[in-house]
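K.L.:
Please see the structure below; I have some questions.
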Amino acid sequence: MPSLLSVRHPLASPTEQLRTLARTGAPAFDAVLESRGVAPLETRAIEVLQVNVGKLCNQTCGHCHVDAGPDRRESMTHETAEQVVELLTRHPIPTLDITGGAPELSPEFRFLVEAGRRLGRRVIDRCNLTVLLLPSQDGLVPFLAEHRVDIVASLPSFRASGTDTQRGEGVFAKSVAALRRLNDAGYGTGRGLVVDLVHNPVGAFLPGTQASLERDYRRELRDRHGVVFDRLLTIANMPISRFLEFLERTANTGRYMDLLLRTFNPAAAAGVMCRTHLSVGWDGALYDCDFNQMLELPVDPGGPATLRALLERGGLSRRVRTDRHCLGCTAGAGSSCGGALE
Amino acid sequence: MDTYYCPHDLSKFAEMGKNRPELWAKYMEYYSAVFADGALTEREKALIALGVAHSVQCPYCIDAYTNACLEKGADLDQMTEAVHVANAIRGGSSLVHGVQMRNIAEKVGM
């Protein structure tokens, strides 16, 4: 499957994505908040600096909100990576969350991991698992273990059919092989090396109960494949980019937006991750979250727009920019990058 | 066109709580407890419900539990197997009554 950008699909354009969501007739997100008595989203203390190092990936998954793939070349420069480290040096943000694409394919990945750990921060690698098997990534698992990087790994189903449908033929078998490699290195075995799995639905519906799904995952992966993990996180699919293309192609967009609206959860809105995250793009631009980044909705224009400006002027607090896609983070048990609300 | 079955009626299920809300409340309390994670996971219970839905041939239940199975992580292989289980039991229940037919035929026949 090629990226939307490479086939010049109209939905490669963020503007067209936002227009498509508006055409469904779904109300503006801030209007939904107001009608449900939830205050507009203001940031709190920043707990997570999420850095998207680029769009290059060895997979092209059917739901990818980044439209990542092997044909994408956007990648963070060393200068920008140094600015990330400078920000962490100046501000006690406890967690550095590295994402992509497949972030490990960025030339700056190991630099950021080493710097983040040297500063004593928790470092998260949002990993697609199969990248760990690439010949070019030899030594990556020992590197991650040595630096005690927490791994958050995508695995939409404990069954091959679901995972392969969403992420590509053969991905489930490779993901299990990669998990085995991580287990062999001590990940998921209770020795302090953490590998969490991410479930997201293979279709136009919301994820089931996180705890119940975790039981199924734990039993099926252990009994059938001999692999273990720490926690399962359930994350709803965002109605943007390639998942939006799927919704449009299958005439599900209106139905999915109705579902998100009908299951709007005020508690999930209050705990949504953008209030405690700052998202950095591969080019150093600042966003409220990775989804806004892909929709090219930068942070509130009143504040610094780039890492460089933030380092020069300061100013981490801001009002979160929202649009209709935000309903994806407030539906059901909640979602964001941290899974359902416990 | 008027039909007895209308897909939109599924979302009106809660209207059965009108008039005798205390009965509805008791039913829903029981219903929620039945489908909660227990010795069986929510996914396993949803697969049983899907099989029963086909056995009782309730289109509302088939709609609801197809979605529930998918949400709870079941895939089409598992859901198809669940329908076959329902079908096997339905077919078997007809077939096993054939023993009654045979008993009667043997009693009255020459």
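The values are calculated or read from the model by the stated rules, or taken from the named source; none is laboratory data. Small disclaimer: the values here were computed from a predicted structure and weren't measured. Cβ coordinates were reconstructed from backbone atoms using ideal geometry, including for glycine residues, and neighbour counts include every protein chain displayed. With ligands, DNA and RNA removed, areas are computed over all heavy atoms of the protein, side chains included. Shrake-Rupley method; radii C 1.70, N 1.55, O 1.52, S 1.80 Å.
K.L.:
When you look at the Cβ of every residue in A:206-217, what mean number of other chain Cβ atoms sits within 10 Å?
P.N.:
That works out to 6 on average.
K.L.:
Right, another one. For an R0 of 25 angstrom, estimate the FRET efficiency from the Cβ-Cβ distance between B:S55 and A:R262 and round to the nearest 0.05.
P.N.:
Efficiency, rounded to the nearest 0.05: 0.30.
K.L.:
Taking K and R as +1 and D and E as -1, what net charge do the other residues with C-beta under 11 Å from the C-beta of B:V52 add up to?
P.N.:
+2
K.L.:
Quick one: which of B:95-105, B:26-36, B:55-65 comes out on top by average Cβ neighbours within 10 Å, and what's the full order, highest first?
P.N.:
Ranked by mean Cβ neighbours within 10 Å, highest first: B:55-65, B:26-36, B:95-105.
K.L.:
A:E248 versus B:S32, label points 7 Å from Cα toward the beta carbon: distance in nm?
P.N.:
4.0 nm
K.L.:
May I pose another question? Choose one answer from A:L261, A:L49, A:L119: the residue with the largest mean-square fluctuation in a GNM of chain A with alpha-carbon springs under 10 Å.
P.N.:
It is A:L119.
K.L.:
Taking springs between alpha-carbon atoms closer than 10 angstrom, which of A:D125, A:D30, A:D290 fluctuates most in the Gaussian network model of chain A?
P.N.:
Result for chain A, Cα springs under 10 Å: A:D30 fluctuates most.
K.L.:
Using each residue's phi in the stretch A:224-235, evaluate 6.51 cos²θ - 1.76 cosθ + 1.60 at θ = phi - 60° and report the 3J(HN,Hα) Karplus result to the nearest Hz, with x for Gly and Pro.
P.N.:
8, 10, x, 10, 10, 8, 8, 10, 9, 10, 9, 10
K.L.:
Provide the per-residue ³J(HN,Hα) series for the stretch A:76-84, in order, calculated from phi with Karplus coefficients 6.51, -1.76, 1.60 and θ = phi - 60°, each as a whole number of Hz, with x at glycine and proline positions.
P.N.:
So the J values, rounded to whole Hz, are 5, 7, 5, 4, 5, 4, 5, 5, 4.
K.L.:
Also, I was wondering about something else. Net charge within 14 Å of A:T165 by Cβ-Cβ distance, Lys/Arg positive one each and Asp/Glu negative one each, not counting A:T165 itself?
P.N.:
Residues close to A:T165 contribute a combined charge of -1.
K.L.:
In degrees from 0 to 90, rounded to the nearest 10, what is the angle of the helix B:76-96 Cα long axis to the longest principal axis of chain B?
P.N.:
It is inclined by approximately 40 degrees.
K.L.:
Determine the shielding of peptide B:29-42 by partner chains: average, over its residues, the number of Cβ atoms on other chains within 10 angstrom of each Cβ.
P.N.:
That average works out to 2.
K.L.:
Between A:R180 and A:R319, what's the calculated FRET efficiency when r is the beta-carbon distance and R0 is 51 Å? Round to 0.05.
P.N.:
Once the sixth-power term is evaluated, E becomes 0.65.
K.L.:
Further question on the same structure: Checking the a/c ratio against 1.5 first, then a/b against b/c, what shape does the Cα gyration tensor give for chain A?
P.N.:
Rounded, because the longest to shortest axis ratio a/c is under 1.5.
K.L.:
Taking amide H positions as placed in the peptide plane 1.01 Å from N, state which residues far from A:L233 in sequence (5 or more) or on other chains have amide H under 5 Å from it.
P.N.:
Under 5 Å from the amide H of A:L233: A:L197, A:V198, A:H199.
K.L.:
Shifting gears a bit: Residues with amide H under 5 Å of A:V51's amide H, sequence separation 5 or more or different chain, H placed in the peptide plane at 1.01 Å from N; which?
P.N.:
Correct list: A:D97, A:I98, A:T99, A:V280.
K.L.:
If you don't mind, there's one more thing I want to ask. Going highest first, how would you order A:96-106, A:57-67 by mean Cβ packing within 10 Å?
P.N.:
Highest to lowest by the protection proxy: A:96-106, A:57-67.
K.L.:
Further, regarding this structure: Find out how many positive minus negative residues lie around A:D300, taking Lys and Arg as positive, Asp and Glu as negative, among other residues whose Cβ is under 9 Å from that of A:D300.
P.N.:
Taking every Cβ under 9 Å from that of A:D300, the sum is +2.
K.L.:
Would you grab the residues whose amide H sits under 5 Å from the one on A:C289? Only those 5+ places off in sequence or on another chain, please, with H modelled 1.01 Å from N.
P.N.:
Counting only residues 5 or more places away or on other chains, the set is A:S279.
K.L.:
Between A:L119 and B:D2, what is the FRET efficiency for a Förster distance of 60 Å, r being their Cβ-Cβ separation, to the nearest 0.05?
P.N.:
With R0 = 60 Å, the Cβ-Cβ based efficiency is 0.30.
K.L.:
Okay, next question. Between the alpha-carbon centers of the stretch A:243-293 and the stretch B:47-110, tell me the distance in whole angstrom.
P.N.:
Value for the Cα centre distance between the two parts: 40 Å.
K.L.:
Could you size up the charge dipole of chain B around its Cα centre, putting +1 on the beta carbon of Lys and Arg and -1 on that of Asp and Glu, and report it in debye to the nearest 20?
P.N.:
So the magnitude is around 480 debye.
K.L.:
Counting only heavy atoms of protein chains, what accessible area per residue, in Å², does the protein assembly as shown have with a probe of 1.4 Å?
P.N.:
I get 47 Å² per residue for this part.
K.L.:
In addition: If one takes the accessible area of chain A alone plus chain B alone and subtracts that of the pair, with a 1.4 Å probe, what total in Å², rounded to the nearest 100, results?
P.N.:
1300 Å²
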